[in-house]
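**Student:** For reference, the structure I am asking about is given below.
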Amino acid sequence: MSGKRLAILIPMTLLVVGNLRAEVFPGKRGFDPDGGYLTVKGTATGQFHLENIGGRHFLITPQGHGFLSIGVTHTGAISRPDPSEYDYLKGTCGGAWEKVDSDLLTHFRKWGFNSLGYDSYPSIRKRLPYFAGCQPTWVSVWRRQQIVYPDVFSDAWKQQARTVIQNTLKHYGVTPNLIGIYWTDVPAWDLKQQQRLLGKTWVDAIRSLPEDAPGRKRYEQFLRA
C-alpha cells in the first residue's frame, strides 16, 4: 500500500483506497457520483479518506465531498437464504447476479442508501462503496457462549488483530470502493445482558487478568483517574 494513507478508528479501521468511481447517485442534484454531499467540500484525492474540516472529522468521497454512510448489511444473504426465506436470486433473477445488481441499485437510489455494510457479495462491491467486515475477537452478542474477552491492551492481541485485518484485505482486495473495515459486530457491552446470557462480562474479564497484564494495569489506571 505504498503511497496510501491509513487511518484507524474504534470500532472500525478505515483504509484509503482506489481511484475509480462508484455510481451511487448519478446525476442527482446535491450529490457527487459517490454519494457525497456537494456542500461539504474536502480534498479530491481519488480515494475514500478521513479529513478534518472546520474541526470536525468527515469521511470524504474520492471526488472530495463529505460522505455519510447510509447502508445495508447482509446483501450476501441473497444467495444463501434461510429455509423460511424467499430465494430472490433464483426466484426473481433466475440466478443472474447482473439482474440482482440492477435491482439492488434501483432500490438503493430510490430509498436513499449509498453504501454496503458487512456481508456483501463481490459483483455489487464493484458498483457501490462498501465496508468489509472481520472479527479479530469473538465478542459479538450473537456468539453467545463462544464470546471471548481478550486483553485488547496487550501487544499479542494487537498483533493478532493486525493479522486478521491484513487477511481480510487479502480476501476482499484493495478495491476502489472500499471505505473501511468493520471489526466486531454487535459488541457485548451490556453488562446486565451478558451476566444473564454468559455469566461473565468484560469487566469481570479485565478484573481477572494478572496484575502485570496490560489490560489490568490500564483498568486500574482508569479507576484511579
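Taken together, the values in this text are just the output of simple stated rules run on the coordinates, not laboratory data. All values reported here derive from a predicted model rather than from experimental measurement. Positions of Cβ are backbone-derived with ideal geometry, glycine not excepted, and every protein chain shown enters the neighbour counts.
**Student:** Multiply the residue separation of Gln159 and Tyr37 by 0.36 nm, subtract the distance between their alpha-carbon atoms, and state the gained length in nm to one decimal. Could the numbers behind the result be given before it?
**Tutor:** Numbers: separation 122, 0.36 × 122 = 43.92 nm, distance 3.67 nm.
Using 0.36 nm per residue and subtracting the Cα-Cα distance, I get 40.2 nm.
**Student:** Rounded to whole Å, give me the distance from the Cα center of the range 58-112 to that of the range 175-196.
**Tutor:** Measuring centre to centre over Cα atoms gives 21 Å.
**Student:** Also, I was wondering about something else. Here are some values of Rg/Rh (Cα atoms, Kirkwood Rh): (i) 1.13; (ii) 0.96; (iii) 1.03. Which one was computed from this structure?
**Tutor:** Matching entry in (i) 1.13; (ii) 0.96; (iii) 1.03: (iii).
**Student:** Suppose we keep just the DSSP beta bridges with both residues in the chain; what percent of those would be antiparallel, to 5? Working shown, then result.
**Tutor:** Numbers: 17 of 25 bridges.
Roughly 70 percent of the beta bridges in the chain run antiparallel, per DSSP.
**Student:** From the phi angles alone, apply the Karplus equation (6.51, -1.76, 1.60; θ = phi - 60°) to the range 71-88 and give each ³J(HN,Hα) in whole Hz, x where the residue is Gly or Pro.
**Tutor:** Ordered by residue, 3J(HN,Hα) equals x, 10, 9, 6, 5, x, 5, 4, 9, 9, x, 5, x, 8, 9, 6, 8, 5 Hz.
**Student:** Collect residues whose amide H, placed 1.01 Å from N in the peptide plane, falls under 5 Å from the amide H of Gly133; neighbours closer than 5 in sequence don't count.
**Tutor:** Asp119, Tyr182
**Student:** With springs only between Cα atoms under 10 Å, which of Phe108, Phe131, Phe48 fluctuates most in a Gaussian network model of the chain?
**Tutor:** Among Phe108, Phe131, Phe48, the largest GNM mean-square fluctuation belongs to Phe108.
**Student:** Report the calculated FRET efficiency for Val141 and Thr175 (r = Cβ-Cβ distance, R0 = 45 Å), to the nearest 0.05. Could you put the intermediate results ahead of the total?
**Tutor:** On the way: r = 30 Å, r/R0 = 0.66.
Efficiency at R0 = 45 Å is approximately 0.95.
**Student:** While we're looking at this one, here's another question. Explain nothing, just compute: Karplus ³J(HN,Hα) = 6.51 cos²θ - 1.76 cosθ + 1.60, θ = phi - 60°, for every residue of the range 186-192 in order, whole Hz, x for Gly and Pro.
**Tutor:** 6, x, 8, 7, 5, 5, 5
**Student:** Along the charge dipole of the chain, which of Ser102, Ala44, Ser154 sits closest to the positive end, that is, farthest toward it, with unit charges on the beta carbon of Lys, Arg, Asp and Glu (+1, +1, -1, -1)?
**Tutor:** Farthest towards the positive end: Ala44.
**Student:** For a quick check, take a GNM of the chain with Cα springs below 10 Å and name the residue from Leu116, Leu59, Leu89 with the largest mean-square fluctuation.
**Tutor:** Leu89
**Student:** Please list, in order along the range 31-42, the HN-Hα scalar couplings obtained from phi with the Karplus expression 6.51 cos²θ - 1.76 cosθ + 1.60 (θ = phi - 60°), rounded to whole Hz, x for Gly and Pro.
**Tutor:** Whole-Hz 3J(HN,Hα) from phi for the range 31-42: 10, 7, x, 8, x, x, 7, 4, 6, 9, 9, x.
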